[in-house]
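This report refers to the structure that appears directly beneath it.
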Amino acid sequence: MERVTRLSTEKAVVIFTPSNDCPMSHTVTTLFSGLGVGAAVHELNKDPRGRDMERDLARRLGRNPPVPAVFIGGKLVGSTDRVMSLHLGGKLVPMLKAAGAMWL
């Protein structure tokens, strides 16, 4: 879907969430905030086309529910499990730096 593609490139890090009270979304947004990354967060339940975007994300990720879905540098990284795996493996920060989301 064109809308997800367009929104996913508006900042270096973009997170699509079901709502602001989703525990997995909170975990991901807190991680990025703690790293000093100002991510764009789109709550699908507040968007009139949220259901369509959720279906598109489910297709891209091959899982349902597809959110939170994280894009870094305009590329789909995955959901909470993938982001945490990258972080614990020491690969998330270099990815964020390469995308221009972090300076140091």
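The values are calculated or read from the model by the stated rules, or taken from the named source; none is laboratory data. Nothing here was measured: the structure is a model prediction, and the numbers come from that model. Positions of Cβ are generated from backbone atoms using ideal geometry, with glycine treated the same way; all protein chains shown enter the neighbour counts. When the accessible area is computed, the model is the full protein with side chains, heavy atoms only, and any ligands, DNA or RNA have been set aside. Shrake-Rupley method; radii C 1.70, N 1.55, O 1.52, S 1.80 Å.
Just to be sure I understand: with springs between alpha-carbon atoms less than 10 Å apart, which residue in Gly38, Gly90, Gly73 has the highest mean-square fluctuation in the Gaussian network model of the chain? Judging by the Gaussian network model, the answer is Gly90.
The listed residues Arg6, Arg59 rank as Arg59, Arg6 when sorted by accessible area, largest first, using a 1.4 Å probe. When the stretch 4-104 is described by a simple charge dipole with +1 on each Lys and Arg Cβ and -1 on each Asp and Glu Cβ, the residue from Gly36, Gly73, Leu104 located farthest towards its positive end is Gly73.
Just how large is the dipole of the chain about the Cα centre, in debye to the nearest 20, putting +1 at every Lys and Arg Cβ and -1 at every Asp and Glu Cβ? Numbers along the way, then the final one.
Numbers: 14 positive and 9 negative charges, 59 e Å.
Rounded to the nearest 20 debye, it is 280 debye.
Divide the volume of the convex hull of the Cα atoms of the stretch 52-104 by its number of residues and quote the answer in cubic angstrom per residue.
Hull volume over Cα atoms, normalised by residue count, gives 72 Å³.
Of the labelled figures (i) 30; (ii) 38; (iii) 44, only one reflects percent of Cα pairs over 20 Å apart as derived from the coordinates, namely (i). Ligands, DNA and RNA aside, Lys91 has an accessible area near 130 Å² when probed at 1.4 Å.
With all protein chains present and a 1.4 Å probe, how do Asp56, Asp47, Asp21 order by accessible area, largest first? Before the final figure, lay out each step's value.
Numbers: Asp56 10, Asp47 35, Asp21 115 Å².
Most to least solvent-accessible, the answer reads Asp21, Asp47, Asp56.
Note: relative contact order over the chain, using C-alpha pairs below 8 Å and six or more positions apart, is 32 percent.
For the chain, give the percent of accessible area contributed by carbon and sulfur heavy atoms, probe 1.4 Å, rounded to a whole number.
Details: 3070 of 5780 Å².
Roughly 53 percent, rounded to a whole number.
A 1.4 Å probe over all protein chains sorts Glu2, Glu54 by accessible area into Glu2, Glu54, starting with the largest.
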